[in-house]
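Engineer: For reference, the structure I am asking about is given below.
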Amino acid sequence: MAKVQIEITNIDGNTVHGIADGTAFSAAPFRWGSKMLMKIATPGEFTQGQKVAIGGACKKALAKAEVALPKAELVRPRKPKTEAPPEEESGA
């Protein structure tokens, strides 16, 4: 598996701009369930592995610049877990 050469050129709020393997990209955060991921927008196509590597590099760049990502708030909270009713023993 080849490494992706990523260069971060600009951080504009929560949006990160850069160049990966000679192709310009921009990445912005988006919520996926209870996780906050980076959505890669580019005119060229990256493979899924390249997108994951770019998203990780963008999150590290935001952390280094001390820019906080928005919280991944659930739209509909999870249901509380209920305890299973105790099984009755048969005393036959």
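The values are calculated or read from the model by the stated rules, or taken from the named source; none is laboratory data. Predicted, not measured: the structure shown is a model, and the values here were computed from it. Backbone-built Cβ (ideal geometry, glycine too); neighbour counts: all protein chains shown.
Engineer: Looking only at region 1-60, count how many residues are of a type in the set (Phe, Trp, Tyr) and touching a Cys at 6+ places or on another chain (Cβ under 6 Å). Lay out the reasoning, then the answer.
Structural biologist: If we filter region 1-60 for residues that are of a type in the set (Phe, Trp, Tyr), which is where we start, we get 25, 30, 32, 46.
Subsequent filtering for residues that are touching a Cys at 6+ places or on another chain (Cβ under 6 Å) retains none.
Final tally of qualifying residues: 0.
Engineer: Under 8 Å by Cβ, and 6 or more places apart or on different chains, what pairs join a residue from region 1-21 that is of a type in the set (D, E, K, R) with one that is surrounded by fewer than 16 Cβ atoms within 10 Å (Cβ to Cβ)?
Structural biologist: Once the first residue is of a type in the set (D, E, K, R) and sits in region 1-21, its partners that are surrounded by fewer than 16 Cβ atoms within 10 Å (Cβ to Cβ) give GLU7/ILE19; ASP21/GLN5.
Engineer: Confirm whether THR23 is of a type outside the set (D, E, K, R) and in contact with a strand residue (DSSP E or B) (Cβ under 7 Å, 6 or more places away or on another chain).
Structural biologist: Details: of a type outside the set (D, E, K, R): yes; in contact with a strand residue (DSSP E or B) (Cβ under 7 Å, 6 or more places away or on another chain): no.
For THR23, the condition - of a type outside the set (D, E, K, R) and in contact with a strand residue (DSSP E or B) (Cβ under 7 Å, 6 or more places away or on another chain) - is not met.
Engineer: Here is a follow-up. Taking region 12-50, which residues are farther than 30 Å from ARG76 by Cα, in a loop (DSSP other than H, G, I, E, B) and either at pLDDT 85 or above or hydrophobic (A, V, I, L, M, F, W, C) (or both)?
Structural biologist: Within region 12-50, ASP21, GLY22, PHE46, THR47 meet the criteria.
Engineer: Hey, among PHE25, PHE30, PHE46, which residue is touching a Lys or Arg at 6+ places or on another chain (Cβ under 6 Å) and of a type outside the set (A, V, I, L, M)? Walk me through how you get there before you give the answer.
Structural biologist: Numbers: PHE25 fails: touching a Lys or Arg at 6+ places or on another chain (Cβ under 6 Å); PHE46 fails: touching a Lys or Arg at 6+ places or on another chain (Cβ under 6 Å).
Matching residue, one of PHE25, PHE30, PHE46: PHE30.
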